[in-house]
1. Using R₀ = 35 Å, calculate the FRET efficiency as 1/(1 + (r/R₀)^6) where r is the Cβ-Cβ separation of residue 1 and residue 116; round to 0.05.
2. Please calculate how many Å² of accessible area the chain carries per residue, with a 1.4 Å probe and no DNA, RNA or ligand atoms counted.
3. Of all accessible surface on the stretch 64-116 at a 1.4 Å probe, what whole percent is carbon and sulfur?
4. Nearest 0.05, what FRET efficiency do residue 64 and residue 103 give at R0 = 30 Å with Cβ-Cβ as r?
5. At 0.36 nm per residue, and after removing the present C-alpha to C-alpha distance, how many nm does the segment from residue 13 to residue 89 gain when stretched out fully?
6. With 5 Å bins from zero, work out the P(r) of the stretch 1-42 over every alpha carbon pair and list the percent per bin.
7. In the stretch 38-116, what trypsin sites (Lys or Arg not before Pro) fall in a loop by DSSP, with at most 16 other Cβ atoms inside 10 Å?
8. Residues with beta-carbon under 14 Å from that of residue 113, excluding residue 113: net charge, scoring Lys, Arg +1 and Asp, Glu -1?
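The values are calculated or read from the model by the stated rules, or taken from the named source; none is laboratory data. Not measured: the values here are computed from a predicted model. When we count neighbours, we look across all protein chains shown, and the Cβ atoms used for this are built from the backbone with ideal geometry, even at glycine. We work out accessible area using only protein heavy atoms, side chains counted, and drop any ligands, DNA or RNA first. Shrake-Rupley method; radii C 1.70, N 1.55, O 1.52, S 1.80 Å.
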Amino acid sequence: QVQLVESGGGLVQPGGSLRLSCVASGILVSCNKMAWYRQAPGKQRELVASVTSVTRGGATNYADSVKGRFTVSRDSAKNTVYLQMNSLKPEDTAVYYCNDDRSGAWGQGTQVTVSS
């Protein structure tokens, strides 16, 4: 059974940084395409960033709105995927979810609030 557990969200001022973590069990994050999505109130869930499996080169992809500010990475030894978020803006406020593309599994989400 695939389980994804996110952490690292919180309240941060505009311009600040946060690092989200997604600890996986039941899969190897190095073998799957992993992604981060977010959903703001009243909006559809949207793709933020993804990283392909190691065998597919670990290619990354970002939404235009976060390019240059967010970085997705993984630590195979810890079976964890990260989302480093810098230069945060109020419009980044959302619940952030981790996703395993192969199984379709989702984590429970972690709230990120960017506000002064």
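1. 0.25
2. Heavy-atom accessible area per residue stands at 52 Å².
3. Whole-percent figure for carbon plus sulfur exposure: 43.
4. Computed FRET efficiency for residue 64 and residue 103: 0.65.
5. 26.5 nm
6. For the stretch 1-42, the pair-distance distribution reads 5, 15, 24, 22, 15, 10, 7, 1.
7. When the trypsin sites (Lys or Arg not before Pro) of the stretch 38-116 are filtered for loop state and at most 16 Cβ neighbours within 10 Å, 43, 45, 67, 69, 78, 102 remain.
8. 0
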